[in-house]
Amino acid sequence: MLLPETLPRPCANRSFKASLTISNGAAPYQWQVASTGWKIAVDPTFTDRATLSAELVAPGTTSVTVEVTSADHTFKTASFSLTAREACWFAYTALDSSSQPKLQLLDPLEAPPRAQPLTHNQGVYDFQFSPDGQFLAYRFGRDGTHPTGRHLALVTLSTMSEQTIDVLEDSLLAYAWSPDSKLIAIGFIKDGTSYLTAVRIPAAGSNTSPVELAPKPAFIESNLYWIGSSFVAFHAQRLPDLAHPGQWLPQNPFELRTPFFASLADTGFDAPQAIVTQPYGPSVYLQPNPNGFFMIGDNTYFNPLAPAIQNPVPLWMTNVISPSGKYAAELDDGGQVQIFDAQRTLDGNAIATSNNGEECPLLLAWASDRERFACVADVASTTTGTQGEVRIFDLSPSGDHLAMLPVQGACTGSPAFCTAQPNEYAYDSERASDQARALSPTGRWLAFASASSSTDNFLYWVDLNEAPYHLKGKAYYFSTATTANSPTELAFSPGEEYVLLRRGNQLHRWQLANPNSHQLLTSNMSLGQNCSDDFMSGPEQWCGNTERSAMFHWAPDAAAVAFRNTTEVNVFESSNNYIYSLPALACQGQCDGQFAFQPSSHP
């Protein structure tokens, strides 16, 4: 037998090595590889062992055939189909053995993984890959006075060359890549004054140095948020002086915060402007989207903020903003759903309303790449009083009409009866609350978890390309280590082939086309936080949100998935079901503890 049967996926345009072993024959063995550009090196002492290698793996899929001949002239041939990965780097922050925060940058599927040496890898607080996957920026120089770091380094991933981004800063406040990866917006302090600037990043492989644009004084006390590639938004603890436009009151006893935006010109940002004169009570949260962003505070709900909006008015009754930022949904006490244009002031005139009998009392999730959302309604049942019916709503391209179709199979029997029915789901509004659910980005798949006790745990999913809608999969999962209110999260793989479910310390994976494909990836995840149905109080942990999960991340080609516990980052490789464990001591506030795969340059 020639092992392993499956090899790790190589990285395109890089070298590759893999160990092979042979059994069930007589030594010595002779090895051959019949593929151009590949070599096989036999262990001279133990000829049943060999190393398969290539100096440079071509992009795409390569077929490699290995032939082994034993001393008794028996043959064994194995063929490997290797699809090269285009985005191979993985980064994470963690404490090292001396409790210093550092950045680890490596290929997690390489055996053994080798961290790349970085010139400024001291006191690293956080990092950001560029959206096109060509660069990595990281903040370094953390100390007691600068808890999130002082300076910024830039790594070109194709060459591993490194340089500092020098804006003559005394310390760094914030930084953010533009969506087109051509600029990094930077907030910094120099001589006690805060500034906003941008640095133009040359294309990878260019000999040109980054170019700083003209800085502008700015109040920056938050992250920086790009609105497209033309504007940056942020907020600060400032109160506008209404009697003297453009000036600020010297005192702010309640620590209210005002949102700002700055427009990008050829030579730099224009002077930042306050978007609204009505400040927000702490704490606040910004949700950016392609059309602007929404300010969410404890005492106010949503406010659509964008340079094109004149005098925006808070959306006081709004439950959720669509991921595109184009629409706001309001659910009244009777479950009527009303859709508003989020880029206009809320004048009480909905542009679309659900029909009678098509109420949406509890919104479950909204797809990110189309205007489709899911709800659950408790409707009358002839046997149990009520049943939970999952409903799918589609908004017409013009935005003026809502069409609804239910997911068939809402169970009307007893809990024991419902559990035994493979094509029925038990999912009322009470069971939906505080349980993860998600629409895939394209809106094709809906997945929802139901956990009413530690022994009644189901994941359901629906293929919304097949009408009428009905369950495509119903999977039971169980853990003695979790309870009914254990935290849950869901995430679809980038190609929407798999779905991950975290419940408590466990992480499960299913292939959507095959409900019997369940795998328990780990029972040792960090516990994390419970999701919340109150979007305003917990947008990062909202039960219908899968975009910003911090507990696990898919590689852009779904070749691997990463998850974390207190001492390790684990990377599960899909092709051979192998888990690579990387030492990663918890940051304990000295770094942000993030981990991420390099984005693909071909999304």
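Details
- Checking each residue in the range 567-587 for being in a loop (DSSP other than H, G, I, E, B), over 15 Å from Tyr92 (Cβ atoms) and over 20 Å from the mean Cα position of the chain (by Cα) picks out Ser575, Asn576, Asn577.
- Flag for Leu7 being closer than 26 Å to Gln598 by Cα and assigned to a loop (DSSP other than H, G, I, E, B): yes
- Test: Gln590 is at pLDDT 90 or above, under 30 Å from Cys375 (Cα atoms) and not hydrophobic (A, V, I, L, M, F, W, C): no
- If you go through the range 50-76 and keep only what is part of a strand (DSSP E or B) and exposed (fewer than 12 other Cβ atoms within 10 Å of the Cβ), you end up with Thr61, Ser63, Phe75.
- Selected residue [within 19 Å of the chain's Cα centre (by Cα), among the small types (Gly, Ala, Ser) and surrounded by fewer than 22 Cβ atoms within 10 Å (Cβ to Cβ)] from Ala115, Ala137: Ala137
So that you can scan it fast, the table gives a plain yes or no per residue for (1) surrounded by fewer than 19 Cβ atoms within 10 Å (Cβ to Cβ); (2) under 15 Å from Phe572 (Cα atoms); (3) in contact with a strand residue (DSSP E or B) (Cβ under 6 Å, 6 or more places away or on another chain); (4) small (Gly, Ala, Ser):
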site: Tyr498; (1), (2), (3), (4): no, yes, yes, no
site: Asn505; (1), (2), (3), (4): yes, no, no, no
site: Ala513; (1), (2), (3), (4): yes, no, no, yes
site: Gln519; (1), (2), (3), (4): yes, yes, yes, no
site: Asn524; (1), (2), (3), (4): yes, yes, no, no
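- Verdict on Asn530 being at pLDDT 80 or above, assigned to a loop (DSSP other than H, G, I, E, B) and crowded, with 19+ Cβ neighbours inside 10 Å: no
- Single residue of Ile220, Ile186 found to be part of a loop (DSSP other than H, G, I, E, B) and surrounded by 21 or more Cβ atoms within 10 Å (Cβ to Cβ): Ile220
- Pair list, Cβ < 7 Å and 6+ apart or interchain, from the range 244-256 residues that are farther than 23 Å from Ser283 by Cβ to residues that are assigned to a loop (DSSP other than H, G, I, E, B) and charged (D, E, K, R): Gln247/Asp241
- Selection within the range 26-47 - buried (at least 19 other Cβ atoms within 10 Å of the Cβ) and either closer than 22 Å to Tyr580 by Cβ or modelled with pLDDT under 90 (or both): none
- Across the range 415-458, the qualifying residues are those that are charged (D, E, K, R) and either touching a Cys at 6+ places or on another chain (Cβ under 8 Å) or under 19 Å from Tyr498 (Cβ atoms) (or both), and the one among them that is modelled with the highest pLDDT is Arg444.
- Of all the residues in the range 342-362, those that are modelled with pLDDT of 85 or more and either over 30 Å from Ala380 (Cβ atoms) or hydrophobic (A, V, I, L, M, F, W, C) (or both) number 5.
- Residues within the range 502-527 that are within 20 Å of the chain's Cα centre (by Cα) and not in a strand (DSSP E or B), tallied: 6
- Of all residues in the range 215-271, those that are over 27 Å from the mean Cα position of the chain (by Cα), on the phi < 0 side of the Ramachandran plot and acidic (Asp, Glu) total 3.
- Residue list for the range 204-214, restricted to those being touching a residue at least 40 places away in the same chain (Cβ under 8 Å), exposed (fewer than 15 other Cβ atoms within 10 Å of the Cβ) and at negative phi: Ser209, Ala214
- Count of the range 170-180 residues which are surrounded by 20 or more Cβ atoms within 10 Å (Cβ to Cβ), of a type in the set (Ser, Thr, Tyr) and farther than 12 Å from Leu154 by Cβ: 1
The values are calculated or read from the model by the stated rules, or taken from the named source; none is laboratory data. Owing to the predicted nature of the structure, the values given are computational and were not obtained by experimental measurement. Backbone-built Cβ (ideal geometry, glycine too); neighbour counts: all protein chains shown.
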